[in-house]
Amino acid sequence: MERKAAAESMTLSQRADELEEEMMHELERIAVKSVLYNLGDGRVGMESGAEMMAKNPGKYFLMGADPRLPQMPEKPTLVDYFRCRFASTAHLLQSATHALKAGHNEKVIMACLLHDIGVVSFIRCDHGYWGAQMIEPYVDEEVSWAIRVHQALRFFPDEAAGYAYPDLYRKYFGPDYQPEPYIVEEYKRARNHKHYMTARLICVNDIYSFDPNAKVNLDDFVDIIGRNFKQPKEGLGFDNTPSSHMWRTLMWPTRFL
Ligand SMILES: [Fe+2]
Ligand SMILES: [Fe+2]
């Protein structure tokens, strides 16, 4: 009864936190949320190891795979991350399909296919930079460069290339939104770059109005990925590149260290 009254007085988010806490207790090991997850909830804070151990007597911390997440193979490929870790792939597949049908070359199609992996796997803020960094060791520099600067280019129209400022952005960010100065600077630098048009084509093929009925399939792009993504034989994450740790973090996002 008391518990029911307490539950009723809880806000929805408190209830969600409690359910999550209960779920954590059911795990054999203690899954840990990094500070970033708490920042996302508007809270600067973290629990100490001692506090978490006290709440979970007799348990060790998780230092590997989180059993709540889809199991990754021992030597994961980019396609495995698409299937097991990317929260949503319809937008990427629709953009890449659009580029494919428009007859663009494979570098453009690859750039469209991967342009928002920062968003769907990691974080929204500066997603172009994050996404580019993740794939930099494995793709042609034209592809990663284009993904990096699409972050800036999408805020600036290029009517000659067929790109207008998206109506959706007016709706999302308000009519007066102005990009930060670093984005303006990035745009100016990109304008004169030899790969400008590749980045611009990401924007042109970026599908802002998602068609829920469009039939898209990752299988259609497996060959293009094979030709344009240097899949490490050790598995993506275990290959000792400057971005391997990012892939490992996606694989094991709740490890204690
Ligand atoms: Fe994007
Ligand atoms: Fe996009």
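FYI, it's all coordinate maths here, none of it is from the lab. Predicted model, so just to flag it, every value in this text is computed and none were measured. Cβ coordinates were reconstructed from backbone atoms using ideal geometry, including for glycine residues, and neighbour counts include every protein chain displayed.
Enumerate lysine pairs in the chain that are 8 or more residues apart or on different chains, then count those whose Cα atoms are under 21 Å apart. Lysine pairs satisfying the spacing and distance rule in the chain number 7. Run the numbers on the chain and let me know its relative contact order in percent, using alpha-carbon pairs under 8 Å that are six or more apart. Relative contact order comes out at 25 percent. Taking SER121, SER144, SER13 in turn, the Gaussian network model of the chain (Cα-Cα springs below 10 Å) assigns the largest fluctuation to SER13. The angle between the Cα long axis of helix 12-26 and the main principal axis of the chain comes to about 70°, on a 0 to 90 degree scale. Classify region 124-169 from the C-alpha gyration tensor, please: rounded if a/c falls under 1.5, else prolate or oblate depending on whether a/b exceeds b/c. Oblate, since a/c reaches 1.5 and b/c is not below a/b. Based on the alpha-carbon gyration tensor of region 80-203 and its eigenvalue square roots a ≥ b ≥ c, which shape applies: rounded if a/c is under 1.5, prolate if not and a/b is larger than b/c, or oblate? It comes out rounded by the Cα gyration axes.
For each of HIS127, HIS245, count neighbouring Cβ atoms within 10 Å of the residue's Cβ, then give the residues from fewest to most. If I rank by nearby Cβ atoms, fewest first, I get HIS245, HIS127. Projected onto its three principal axes, the C-alpha set of the chain covers 66, 48, 37 Å, listed from the longest axis down.
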